[in-house]
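Notes for the one structure printed next.
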Amino acid sequence: MINIMDLMNVIFYIALIVLVIALIVLVFRALKTLNKVDRTLDDLNEKSSKLDGLFHIIDSTTDAVVGVSDRIISFIAGSIENLINRKKVKKDE
């Protein structure tokens, strides 16, 4: 007759073998997925590096527009300040 401990050992070892096989399959699938993600990231980096020139042009244009608008605003503010100072000088006299 079969001993219950021997039966439990056999069941445990079979379950352990199934678990090891399942883990091996999951590891291979994870490696495939990581390779696909790696290729996708490489492609994304390559495409974004092609757009760096465009972003540099946009940045330079923005800086130029900001410089011009600062000059215009400082000219307008200076003109208004001169008008206000003239009125104060006339009132003081």
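The values are calculated or read from the model by the stated rules, or taken from the named source; none is laboratory data. Values in this document were obtained by computation on a predicted structure and should not be read as measured data. For accessibility, only protein heavy atoms count, side chains too; no ligands or nucleic acids. Shrake-Rupley method; radii C 1.70, N 1.55, O 1.52, S 1.80 Å.
Can we say Leu7 is open to solvent by 80 Å² or more (accessible area, probe 1.4 Å) and in a helix (DSSP H, G or I)?
no
For Ile58, state whether it is part of a helix (DSSP H, G or I) and open to solvent by less than 100 Å² (accessible area, probe 1.4 Å). It would help to see each step written out before you state the result.
Working: part of a helix (DSSP H, G or I): yes; open to solvent by less than 100 Å² (accessible area, probe 1.4 Å): yes.
So Ile58 fits the description; yes.
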